[in-house]
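What follows is a single structure, written as structure tokens, with notes after it.
Since every read-out is calculated from the coordinates, none of them should be taken as a lab result. Predicted model only: the values in this text are computed from it and were never measured. Please note: Cβ atoms are built from the backbone with ideal geometry, for glycine as well, and neighbour counts cover all protein chains shown.
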Amino acid sequence: MRVQSRAGLLFYGSRQMSQINLFDVIEHFIMKRMFDLTLALMCAILLVLPVLLVALAVKLSSRGPALYWSGRVGRYNRIFRMPKFRSMRVDTPAVATHLLKDPKVYLTPIGSFLRKSSLDELPQLWSILVGDMSFVGPRPALFNQDDLVALRTAEGVHELVPGLTGWAQVNGRDELPIPEKVKLDIEYLQRQSFWFDLRILWLTAVKVIRRDGVSH
């Protein structure tokens, strides 16, 4: 059954959940935001040396900047700039990786390692700190992924803050077709809670260690 938001109230199926009011929504958002800020600050302090080493490795191994800033679709379909360590050459077309004819041709010498280890995602701690992203939520679509954006908007998923990881990420990542990703995004929308976020973070750590779900 589907969850929709209308004027600060949540609906479950056809029955209005009057017990879940605007106060509950705000309380959940504040709790999630406080968790994001605390964890992001801790990670930024603990990972400052690895971040600098990765940035240096990217600069030394290929031509171009260490960071790649891409236009991404955020909450309510607002476009924001999301940083990643650059894992592909500077002449790579600005499309989703799976749309490239041969993505491996565009990878930098350490690009495959950065992607499989998820080290390329570390700069997104900045996006979490400034509020563009959360640790857990639907992965932000590229600005030109119209099909993904349209499906998410139709189901109310666009009302969520995008995440560093998400329910779709731990259930297939790059291997999932877009309709399957959106189904998992809807499931997250319906089940979202602090404890569910913790479960997703734990499963993400396991996936990263095993290097599962990354096709390039």
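Computed from backbone phi with θ = phi - 60° and the Karplus coefficients 6.51, -1.76 and 1.60, the 3J(HN,Hα) list for region 66-71 is 6, 9, 10, 9, 10, x Hz; x is used for glycine and proline. Based on the convex hull around the alpha carbon atoms, region 3-210 presents an average projected area of 11.7 nm². The trypsin sites (Lys or Arg not before Pro) of region 41-137 meeting both criteria, a DSSP state outside H, G, I, E and B (loop) and at most 11 other C-beta atoms within 10 angstrom of the site's C-beta, are Arg63, Arg78, Lys101. Among the lysines of the chain, pairs that are 8 or more positions apart or on different chains and have alpha carbons within less than 21 Å of each other number 12.
List the trypsin sites (Lys or Arg not before Pro) within region 122-216 that DSSP assigns to loop and that have no more than 16 neighbouring Cβ atoms inside 10 Å. Answer in residue order: Arg211. Annotation: the residues His158, His28, sorted from fewest to most other C-beta atoms within 10 Å of their own C-beta, follow the order His28, His158. A cut-off of 5 Å between modelled amide H atoms, ignoring neighbours fewer than 5 places along the same chain, links Gly74 with Ile79, Phe80. Based on C-alpha pairs under 8 angstrom that are at least 6 apart in sequence, the chain has a relative contact order of 19 percent.
Once backbone amide H atoms are built at 1.01 Å from N, Met88 has Thr108 as its partners under 5 Å, excluding neighbours fewer than 5 places away on the same chain.
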